[in-house]
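Here is the structure we will look at.
The values are calculated or read from the model by the stated rules, or taken from the named source; none is laboratory data. If you're wondering where the values come from, they're calculated on a predicted model, not measured in any experiment. Methodologically, a virtual Cβ is constructed for each residue, glycine included, from the backbone with ideal geometry; neighbour enumeration extends over all protein chains shown. Note: areas computed on protein heavy atoms with side chains; ligands, DNA, RNA excluded. Shrake-Rupley method; radii C 1.70, N 1.55, O 1.52, S 1.80 Å.
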Amino acid sequence: MWGSVSNIGTAYSNSSVSYSASGKGVAIFLAGTIASTNYYNGTNWVAPIPIGFNVNDVISGIDSSGNAIIGFVDAPSGSILVYTTNDGGTYTPSPQNPVAAGVGNTSLSLAVAEGDTAVLTWIDASSNGQASTFNGSTWSAPIQYATNVAPPPSYLDTASVAVDSNGNAL
């Protein structure tokens, strides 16, 4: 059964919302080119926090303990920036962002598993499929998993990735 509707902010385009089995949630959305994020603590949404400016792609994920990961592409540099939180009040930059720079990165997809582990995929400027895994403390170096990948049509928005309880990405 659906609960009541909560207004968590005005999103003009490109939003991502994720919920955990424990009832916590995270959202990131664009209002113009400004990325803002909210965290749901199981009872209430925390007030939106602006987290990125001049952004063109956003993604979110959360594990069953409420450890959340949000990410976005910084438009000027092409860097994929990723932040983590476990309470929604403080977002800390991940110790190592998966991509330092590369104008043209697009089509972010994120899957989060238990223990704050995750896999992030994207298409780089050379149309290569790239992936990076997060072990709860650091991101791996990008791994190219495909070449000549065409970005999905705009009506599909992004490619998808999933991760099982053993950390295997699909």
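Summary of values
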item	result
Residues of the range 109-137 classified as of a type in the set (G, A, S) and either buried (at least 20 other Cβ atoms within 10 Å of the Cβ) or not in a loop (DSSP other than H, G, I, E, B) (or both), total	8
Top-ranked residue in the range 96-108 [being part of a strand (DSSP E or B) and open to solvent by less than 20 Å² (accessible area, probe 1.4 Å); ranked as modelled with the lowest pLDDT]	V99
Residue in the range 53-65 that is modelled with the lowest pLDDT, counting only those that are part of a strand (DSSP E or B), more than 23 Å from G136 (Cβ to Cβ) and of a type outside the set (D, E)	N56
Residue check, N38 over 22 Å from T121 (Cα atoms) and part of a strand (DSSP E or B)	yes
Matching residues in the range 43-74 - criterion: being charged (D, E, K, R) and open to solvent by less than 20 Å² (accessible area, probe 1.4 Å)	D57, D63
Residue among A31, A11, A68 that is modelled with pLDDT of 85 or more and either in contact with a Phe, Trp or Tyr (Cβ under 9 Å, 6 or more places away or on another chain) or of a type in the set (D, E) (or both)	A68
Cβ pairs under 7 Å, 6+ apart, first in the range 51-73 and among the aromatic types (F, W, Y), second open to solvent by 10 Å² or more (accessible area, probe 1.4 Å) and not in a strand (DSSP E or B)	F53/T33
Condition check for A146: modelled with pLDDT of 75 or more and under 21 Å from V26 (Cβ atoms)	no
Test result for V82, in a strand (DSSP E or B), at pLDDT 85 or above and open to solvent by less than 20 Å² (accessible area, probe 1.4 Å)	yes
Verdict on P93 being closer than 23 Å to I143 by Cα, out of contact with any Gly (no Cβ under 6 Å at 6 or more places or on another chain), modelled with pLDDT under 80 and surrounded by 22 or more Cβ atoms within 10 Å (Cβ to Cβ)	no
Members of the range 13-42 found to be open to solvent by less than 20 Å² (accessible area, probe 1.4 Å), among the aromatic types (F, W, Y) and more than 18 Å from T92 (Cβ to Cβ), listed by number	F29
Check on G42, at pLDDT below 85 and on the phi > 0 side of the Ramachandran plot	no
